[in-house]
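See structure below.
The numbers here are math on the coordinates, done by the rules we state, and not lab data. From a predicted model like this one, the values you see are computed outputs, not experimental measurements. Cβ sites come from the backbone with ideal geometry, for glycine too, and all protein chains shown count toward neighbours.
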Amino acid sequence: MSEEVVIFDDVDVVFKEKKKKAVHAVNHVSLSVNRGDIYGIVGYSGAGKSTLVRLINLLQRPTSGSVTVLGDDMMKLSAKELRQKRRKIGMIFQHFNLMASRTIADNVAFPLRGTMPKDEINKKVSDLLELVGLSERANAFPAELSGGQKQRVGIARALASDPEVLISDEATSALDPKTTSSILELLKSLNEKLGLTIVLITHQMEAVKQICSRVAVMDAGAVIERGSLLEIFAHPQQQLTKDFIDTTMQLDATLKAISKQPAVQSLGPKERLVRLTYVGASTDQPLIATLYREYNVTANILFGDIQSLQNTPFGNLIVVLNGEADDIDKALAYLKAGDVTVTNVKLAAEED
Amino acid sequence: MNIIEKFFPNVVPLWNGDGGVVEAINQTIYMTVWTTIVAGIIGLFVGILLLLTDEHGLLENRPFYSVLDKLVNIFRSIPFIILLAALNNFTRLIVHTGIGPTAALVPLVVGTAPFYARQVQNALLTVDAGVIEAAQAMGVSPLGIVFRVYLREGLSELIRVSVLTIISIIGLTAMAGVIGGGGLGNLAINTGYLRYENDVIWVSLIFILIMVFIVQFIGDFFARKTHH
């Protein structure tokens, strides 16, 4: 059994401002993160993600419930023990939070000062800068770097005290897509190379899709859905989760385009518009061919997309099925048995 | 020499000696330097306390902050000329004299320290809260954050408000004549103004301006140097 490095047990955070309504930022969340996971927490802004991850290093104290990190109940630590513990929990931020008055090397050295001799610090800093690919910029100031480079410095700094857990607070949200991807790849390689456990919060499902092994979806302070990346993508239960996934597939845009096609606008009585979603093995089977051969149902593919999630194929097809109603029902039953999720597609145009 | 005698007939005989220009300059410098040092230390300390104990501060403590905050406001709102007179007994207690430049130091410090404390608080508030959070997340102690983050990241802004404060001290020293503190302000009023010797007023003014410009120039130089 894998070790749980972060455990939230029925954690609640309520913000009370004078004369204002209390805000329930985290609503009775229980969650655990295993060693070696890259755990993604997604939700829109204001869902409570940032507050939740700040409970890990106790930058935010829970109103009730307990937080256990690397075997210690965080609430029971003394101020000094807490500071020691925080050194084992690295954190990177959306706006990097580098010190403008210090060079890149000094920023990375910052958490190390006073903990080891100077030459060891210098050695470690140059190793870290090499790890994140910024050796040449050691003497530059943060203002001279691009966003992606600043985040690399942030990562190097977070790694300086050899943390076992890394918290990523919207670390790629201020970056362009290409830079985002390279930062995510860096995090993934750190996860693999150093066995670093990463808790990543984001509103970008793409980021989750690219590197996370597990996912939790948050809404209004509560975790509404959780599971492995494949489970969540293949069988999302909550509407919010489905919306997030559709956004990454750009399905909403696609559906709009599809609904304008004549073939879709005038569906015959023997036609049905459905979306087929499948993961892994089912992708290998000749689905469409089987439908025709066994059930006499033809499938007109309007949209097809296959992506790789943790090296497992994940497919989405939007098709118009044509056949006798009975045959279509049988065909759909066959698909469902083969672990293909079938959803009836509602046309966006009808609402417009 | 003739031109100087022509334009500044009253200044020339007054240049050296008791109540002279040179003495006045020295007194102004004396009062400014000592006030800067003492009020600087007290103001910096109080300013940091305000910063740390305020809402969302590292050592948030509302009752403490509220008392300190009000004290600072009260002392800042007393007109300096009244403070000079009001602190007379307190001054005697501290420096064992009620007149002269040294006696002026006490009200100067009392008048300046709260002003500087507020400036320090505001200057350090400009340090990005995210950077403070990052330092906390790295396990740095509050004291460590003050010295390694606030005072370092806020240095440029701190220099700016210090220059502002020193210039304001130079201004306040001009009133020190009321309690026999001397200085250029005293020279301008008691000699220049009361004896209708306008050239003395102008010379005092010029020297005050020169001091202000020097402070401003040095301050700007360091503020730029520490700004990245």
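Descriptive notes on the structure:
- Of the two radii for region A:98-246, the radius of gyration is 1.04 times the Kirkwood radius, both from the alpha carbons; that is the Rg over Rh value.
- A helix-only calculation puts the protein assembly as shown at -15000 deg cm²/dmol for mean residue ellipticity at 222 nm, using -39500 (n - 2.57) for each DSSP H run of at least four residues, averaged over all residues.
- Ratio Rg/Rh [Cα only; Rh per Kirkwood] for region A:1-94: 0.97
- Region B:150-228: chymotrypsin sites (Phe, Trp or Tyr not before Pro) falling in loop per DSSP and having at most 11 other Cβ within 10 Å: B:Tyr196
- Considering only A:Leu229, A:Ile38, B:Asn26, the residue lying farthest towards the positive end of the dipole of the protein assembly as shown is B:Asn26, judged by Cα position with unit charges set on Cβ.
- Compactness of the protein assembly as shown as Cα Rg over 2.2 N^0.38 Å, two decimals: 1.41
- In this Cβ point-charge picture (+1 for Lys and Arg, -1 for Asp and Glu), chain B has a dipole of about 140 debye about its Cα centre.
- Alpha carbon convex hull of region B:3-226, volume per residue in cubic angstrom: 126
- Square roots of 5 times each gyration tensor eigenvalue, C-alpha, region A:212-256, largest first, Å: 19, 13, 8
- Take the Cα of A:Lys123, go 7 Å toward its beta carbon, and the backbone nitrogen atoms of region A:139-180 under 17 Å from that spot belong to A:160-162.
- Fully extended contour minus Cα-Cα distance, from A:Lys19 to A:Ser45, at 0.36 nm per residue: 7.0 nm
- Dimensionless Rg over Rh [region A:169-323; C-alpha; Kirkwood]: 1.04
- Across peptide A:93-100, the average count of Cβ atoms from other chains found within 10 Å of a residue's Cβ is 6.
- Orientation-averaged projected area, Cα convex hull of region B:34-114 (nm²): 5.5
- Exercise: per-residue mean of other protein chain Cβ atoms within 10 Å, B:102-113: 0
- Farthest towards the positive end of the charge dipole of the protein assembly as shown, among the residues A:Thr68, A:Ile155, A:Pro142, is the Cα of A:Pro142, using unit charges on the Cβ of Lys, Arg, Asp and Glu.
- Cut-off 20 Å, label 7 Å out along Cα→Cβ of A:Ala140, residues of region A:94-115 by amide N: A:94-110
- Highest-MSF residue in chain A out of A:Lys19, A:Lys118, A:Lys188 [GNM, Cα springs under 10 Å]: A:Lys19
- Protection proxy ranking for A:79-85, B:120-126, A:26-32, using the average of other Cβ atoms within 10 Å per residue and placing the highest first: B:120-126, A:26-32, A:79-85.
- Highest GNM mean-square fluctuation among B:Gly144, B:Gly180, B:Gly19, for chain B modelled with Cα contacts below 10 Å: B:Gly144.
- Taking the Cα centre of the protein assembly as shown as origin and assigning +1 to Lys and Arg Cβ atoms and -1 to Asp and Glu Cβ atoms, the resulting dipole is close to 1460 debye.
- Positive dipole terminus of the protein assembly as shown, leading residue within A:Leu291, A:Ala105, A:Gln210 (C-beta point charges): A:Ala105
- For region B:103-228, the fraction of C-alpha pairs more than 22 angstrom apart is 52%.
- Compared with the dominant Cα axis of chain A, that is its longest principal axis, helix A:325-337 is turned about 30°.
- Once the Cβ-Cβ distance of A:Lys270 and A:Asp339 is raised to the sixth power relative to R0 = 25 Å, the FRET efficiency obtained is 0.40.
- Straight-line cross-link partners of A:Lys85 among the lysines, defined as a Cα under 20 Å from its Cα and at least 8 positions apart when in the same chain: A:Lys76.
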